[in-house]
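This report refers to the structure that appears directly beneath it.
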C-alpha cells in the first residue's frame, strides 16, 4: 500500500468538518439570512402554513373557552385516571422544547460548530413548545384564574405552596426554564436584530428593529461582555434543561405507583426529551429547507447527518430505559411490578406498548445506515414516527399505570374525549402559527454566528476553500 | 529527542518499582484483617476483597467506556488520555484473575447471599432463575471476554495506525466502537447488577448500572489527567500541553462531576421519597453509625469541592491546580466505593472496626500494587500520545505561534 | 475622565473601515502599541483575539453571576426552610419537618433563575445598553458594521488625539477608508 498517498488523502475525516456549503462571504451570509425576513413577498407556502396554523389555533381557543366555561369534566380524566392527556401532552411538549436548549447551550459548550445554523430556530421551538406545555397544567388546576396561587406570595390565608411536592417543583422548573430560555434567546437575537435594523428600508420597520436591538453597535468591548454573558447563560442552561425534565420525571418517580417509581427515570426522561426535540427540529427543519432553498448552504446534509446521529444515540438511551424497566420489573419479583410487566405486554393497551417499542426502539435503528442519515424523505418519516413514539411513551407511563391500581376494585379504562383531541390538535396549530410568525419577523439562522463560523473556516480551511480541503497549515 | 531522564517512561518505571512492595504490605494488612475477622462467613475479609477488586475494576472499566466513547465520536477531548485509558483497559485479564476468588465464593455460599442455600430458597422464582451460580459464572465470563476482546481490538488498531497511518483503521474502530459501545453499556449494567447489586438480593435500582458507568468514567478521566499533568514536563506530554488541553480535561471532569451529582441525587431522592422497605435498605445501611458522616463528607468532597474548583477558569489554566483536583477526585472515588460496597456486608452501627479499615486499605493496596505494576508496564511500552492523530500537536503549535506573536 | 473640554467637540472620533477581521486585530494591536487609549473596534461578530489585542479585560460579569447564584441558592433554601420549620410546619408523609432532599429541586431552580437574571441584567448595565443614540451611527458606512465590515475608531477623548496625525495613522493600517465621525 502506498502509505504516503493515504496519509494526506484520508486524514481529512479527522479534521473538523466545514459546515457551510458553497462560496460565501460575510456579505452573502447577511444578505441571504436577513433576506428571508426582509423579503416583502414570502413564499406561498408561508401563507398556507400560517393560515392553517391560525385556523387550528382557533380550535385551541375554542377548546380552552369551552373548558373554562364548563370545567375539567369535559376531558376524559376520571378516577382512577386523574392524570391523562393533559399530563401526557404537557410532558410531550416540554420534552420537544428541550432540544432547543440542548442545541444552543450544551453543544455550544462542547464547541460543536454545526449547532450554529440550527440553534436559533430550535430555541424558538423551545419557547413555543414550553408555552404549549404550560397551558395544560394551568388548565388542569380546574380554576385557571387562580393559578397565581401556585407561586409563593404573602397572602391573607397565611399559607404557602407545598414545596415538598414535585408538582410545585414543576412550577419553579418550568417558569425558570421559560424565563431563562427567553433571555438566552433574546440575548442571541440582539446582534441579528441590529443587522435587520441596518438592512431594512422602511422607516417604521427600521424603528421597530432599532428599538429591539437596544442600540447594539458591535463594539469589541460589548462583544467581550456579551460573550461572557452568553457563555454563562449557556453554562446554566445546560444543567437547567436537565433539571426540568428530571423534575418532570420526579412527578412520577417519587410516587410508588408501579411503572412510575424507578430510579432510571431522570436520565431516561431527559434522553427522551432530547430525542423528541431533535425529531421536531427535523419535522420543521426539513420542510423549511425546501421552502427556503437559499438556506441549504447553512443547514447542510452534514447537519442532517449529525442530527440523525443524535437521534440514534438518544433513542438508544430511551430503549435502554425500556429494557431496564421490563428487566427490573421482572427481576424485582414484586407482585405489582410483575403485574405491570404483564399489563404492558398483554393488557388492554398492549398495542400502544408494542407501537412504542417499534417507533422509539426499532425504527430509529435504521439510522445506523449512513446513506439514510442524509436521506431527506427518510428523515422526515423518522421524525414523525419518533414524535408519535415519544407521545406513546408518556401514554404508556401515565394511563397504563393508573388504570391498573394496587386494588382490582380501582381498575379502570381511559379514553379521551373530543375536547382532549381539540386541545391537543389546537396546541399544534398554536405552535405552527407562532413558528411561522417567527420566521417572518426574525432570522431563522443565527447570522452573527454564521459569520463567526465563516471566519473560523477561513482560518481552518483557508480563503476560497472548496469545502474539502485539508487543514494543513492554512493561515 | 530529549534524554531518557525527561521522558515519561522513567517515571513510569519508578512507579512500577514501588508497586510490588505496596502490594506486599497490602497483602499483610489484608491477612491481619482476615485473622481479626471473627465472623464465620469472613464477611469483613470478603467485603474488603470485593472492595479492593472493585476499585481497580472501576478504573479499568471506566477506561473501557472512555475507549468506546472516544472511538465512536473521535473527540479531541479524550485524545490526550487515550493511551493511559488503553493501558488501564489492558489490565482486564489481570482483573479477571482477581475475580476468580469471588467465583469460588459464589459457588461456596460466601459473599453473595443468594449463593447461600437457605436464602436462595426464599427468593422469588424469577430471582432463583437469575441467580444460579452457573448462570452467574457464565455471565461473568461473557462480560470479561467481551471487554477484553473489545478493548484489545480497539487498542491494537489504534497502535497499528501509529505505524502505518492508514485512516481505514480509524473508520474500522468507529464502526466497531459505536455498536460495540451499546453492548458494553448493557453488559456493564448487568455486571453491576450481578456483582454488586445482588449483594442484597432484594434491593434494586435501575439507575445503578448507569451510576457505576458514569462514576467509573470520571475516575478514569481523573486518573488519566493526573498522570498527564504530573508528567507534563516530560515527553511526550510536554509536546502537547497547552491551555486549551487542560481546559478540556478540566471541563471533562467538571461535566462528569455534575453527572455524578445528578445521578446520586436522583437515585437518593427517588428511593428516599418512595421509602419502600426493599429499596431504602440501601440507605439505611449507609446511614448507620459513622457512615452517615462519611456519606455527607463524600457529597461535599466529591461534588461541592471539585465543582467549585472546576468552574473557575484559573483552575483549568493552571496545570498544578488541575493536577491536584484530578488527584483529589481519584482519591475520593476510592473512598466512595468503600461507602458503596462494604456496608452491603458489614454493619456499621457500632462504628468502624479496626479489621474493616485494615482489610479495606490492605485490599486496595494488595490488588492495586499488582495492578499498578501491570499497568505501568503496559503504559511504558506504548507511545503515550497517538501520533496518527495530529490534532493535539497542531493545537500546541498554533498556541505557541499565537502566544509568541 | 476628570477634565472634559469646555466646549463639546463637534467630532466624536476618526474611524477606519476594514473588510477582514484579522486585519482589524492587527490594527487594534498597532493602535494600542502606538499609545492610543480611547479607541474601540466594531465588528459584525465576536472576533476572538480582539479584546486581547486591545488589552481589554473585565471580569465583573462572571463574579456577579457567581454571587447571583449564591444569593438565589440561599433564598431558595432559606425560604423553604423558613416555611417548613417556622411559618407553617406541616407533617407530610411522616417525614421530618426539615426534608432537605425535597428542598433541593427548588433551591437549584432559584439558583439558576437568579444567576441568569443577574447575568442578563449586568451584561446590559455594563455595556451601557439600551442606548438608542450612539455617535457611531453617524460614521460613514456604519450600517455595515452589523453585516460585513469591521471598524476601528479612535475617539477625540483620547489624550493623544490629533485629527491629522490620527487620520494619517489609521490610513497606514491598511484601512479601506478613513473618515470623521460627527458627535
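The values are calculated or read from the model by the stated rules, or taken from the named source; none is laboratory data. Bear in mind that the values here come from a model prediction, so they are computed numbers and not experimental data. Virtual Cβ from ideal backbone geometry, glycine too; neighbours counted across all protein chains shown.
Can you tell me how many residues within region B:170-203 are surrounded by fewer than 20 Cβ atoms within 10 Å (Cβ to Cβ) and without any contact (Cβ under 8 Å) to a residue 24 or more places away in the chain?
6
Kindly indicate the residue of region A:192-213 that is within 7 Å of chain C (Cβ to nearest Cβ) and within 28 Å of the chain's Cα centre (by Cα) and also nearest to residue C:144 (Cα to Cα) among those meeting that condition.
A:195
Go through (1) part of a helix (DSSP H, G or I); (2) under 26 Å from residue C:138 (Cα atoms); (3) free of Cβ contacts under 8 Å to residues at least 24 places away in the same chain one by one and return the number of the condition residue A:146 breaks.
Just one mismatch for residue A:146, condition (2).
With in contact with a helix residue (DSSP H, G or I) (Cβ under 9 Å, 6 or more places away or on another chain), within 30 Å of residue A:31 (Cα to Cα), in a helix (DSSP H, G or I) and not assigned by TED's automatic domain parsing to the domain that holds residue C:26 as the only criterion, which of C:80, C:102, C:123 stands out?
Result of the check over C:80, C:102, C:123: C:123.
Among C:110, C:145, C:84, which is buried (at least 21 other Cβ atoms within 10 Å of the Cβ), facing chain A (nearest Cβ under 9 Å) and closer than 30 Å to residue C:14 by Cβ?
It is C:145.
Name the helices (runs of 4 or more DSSP H) wholly within region B:292-398 that hold at least 2 residues that are within 24 Å of residue B:25 (Cα to Cα) and more than 14 Å from chain A (Cβ to nearest Cβ)?
On the way: elements: B:305-311, B:313-317, B:319-341, B:354-380.
Output list reads B:319-341, B:354-380.
Kindly provide the set of residues from region A:328-337 that are within 8 Å of chain B (Cβ to nearest Cβ) and in a helix (DSSP H, G or I), ordered by number.
A:328, A:330, A:331, A:332
If I go through region A:345-376 residue by residue, how many of them are touching a helix residue (DSSP H, G or I) at 6+ places or on another chain (Cβ under 6 Å) and assigned to a helix (DSSP H, G or I)?
Result for region A:345-376: 14.
Looking at this structure, is residue B:209 under 24 Å from residue B:284 (Cα atoms), in a helix (DSSP H, G or I) and at pLDDT 90 or above?
yes
For residue C:58, state whether it is touching a residue at least 60 places away in the same chain (Cβ under 8 Å), within 14 Å of the chain's Cα centre (by Cα) and either surrounded by 15 or more Cβ atoms within 10 Å (Cβ to Cβ) or farther than 22 Å from residue A:218 by Cβ (or both).
Considered against the rule, which asks whether it is touching a residue at least 60 places away in the same chain (Cβ under 8 Å), within 14 Å of the chain's Cα centre (by Cα) and either surrounded by 15 or more Cβ atoms within 10 Å (Cβ to Cβ) or farther than 22 Å from residue A:218 by Cβ (or both), residue C:58 comes out as no.
Scanning for something farther than 30 Å from residue C:143 by Cα, facing chain C (nearest Cβ under 10 Å) and surrounded by fewer than 19 Cβ atoms within 10 Å (Cβ to Cβ), does region A:174-189 turn up at least one residue?
Yes: one or more hits.
Hey, residue C:71 hits all of (1) touching a helix residue (DSSP H, G or I) at 6+ places or on another chain (Cβ under 6 Å); (2) surrounded by fewer than 18 Cβ atoms within 10 Å (Cβ to Cβ); (3) modelled with pLDDT under 85 but one; which does it fall short on?
(3)
Please indicate, with yes or no, whether at least one residue in region A:222-229 is within 22 Å of the chain's Cα centre (by Cα) and surrounded by 24 or more Cβ atoms within 10 Å (Cβ to Cβ).
No; the residues of region A:222-229 include none that is within 22 Å of the chain's Cα centre (by Cα) and surrounded by 24 or more Cβ atoms within 10 Å (Cβ to Cβ).
Select from region B:279-291 the residues that are touching a helix residue (DSSP H, G or I) at 6+ places or on another chain (Cβ under 8 Å) and in a helix (DSSP H, G or I) and write down the one among them that is nearest to the other protein chains (Cβ to nearest Cβ). Outline the logic, then answer.
At the first step, the residues of region B:279-291 found to be touching a helix residue (DSSP H, G or I) at 6+ places or on another chain (Cβ under 8 Å) are B:279-280, B:282-283, B:285-288, B:291.
Narrowing further to those that are in a helix (DSSP H, G or I): B:279-280, B:282-283, B:285-286, B:291.
Details: B:279: 9, B:280: 11, B:282: 10, B:283: 10, B:285: 17, B:286: 14, B:291: 17 Å.
Filtering first and then ranking leaves B:279.
Within region A:407-463, count every residue that is modelled with pLDDT under 90, in contact with a helix residue (DSSP H, G or I) (Cβ under 6 Å, 6 or more places away or on another chain) and in a helix (DSSP H, G or I).
7
Return the pair list, or none, for Cβ contacts closer than 7 Å from residues in region B:276-301 that are on the phi > 0 side of the Ramachandran plot to residues that are surrounded by 14 or more Cβ atoms within 10 Å (Cβ to Cβ) and in a loop (DSSP other than H, G, I, E, B), at least 6 apart or on different chains.
Final answer for the pair search is B:289/B:348.
Being in contact (Cβ under 8 Å) with a residue 60 or more places away in the chain and in a helix (DSSP H, G or I): is that true of residue A:182 here?
In short, no.
Which residues, counting only those in region C:113-141, are more than 9 Å from chain A (Cβ to nearest Cβ) and over 30 Å from residue A:160 (Cα atoms)?
C:125, C:135, C:138, C:139, C:140, C:141 - these are the residues of region C:113-141 that are more than 9 Å from chain A (Cβ to nearest Cβ) and over 30 Å from residue A:160 (Cα atoms).
Would you pick out the residues in region B:140-171 that are in a helix (DSSP H, G or I), within 12 Å of another protein chain (Cβ to nearest Cβ) and under 26 Å from residue A:367 (Cβ atoms)?
B:168, B:169, B:170, B:171
Has region A:271-282 got at least one residue that is at negative phi, within 11 Å of chain B (Cβ to nearest Cβ), in a helix (DSSP H, G or I) and buried (at least 21 other Cβ atoms within 10 Å of the Cβ)?
First pass over region A:271-282, keeping only residues at negative phi: A:271-282.
Add one more test, that the residue is within 11 Å of chain B (Cβ to nearest Cβ), and what stays is A:271.
Still in the list and also in a helix (DSSP H, G or I): A:271.
Narrowing further to those that are buried (at least 21 other Cβ atoms within 10 Å of the Cβ): A:271.
Among the residues of region A:271-282, at least one is at negative phi, within 11 Å of chain B (Cβ to nearest Cβ), in a helix (DSSP H, G or I) and buried (at least 21 other Cβ atoms within 10 Å of the Cβ), which makes the answer yes.
How many residues are at the interface with chain C (Cβ under 10 Å from one of its Cβ atoms), touching a helix residue (DSSP H, G or I) at 6+ places or on another chain (Cβ under 8 Å) and part of a helix (DSSP H, G or I) when one looks only at region A:214-237?
Going through region A:214-237 one residue at a time, the tally reaches 16.
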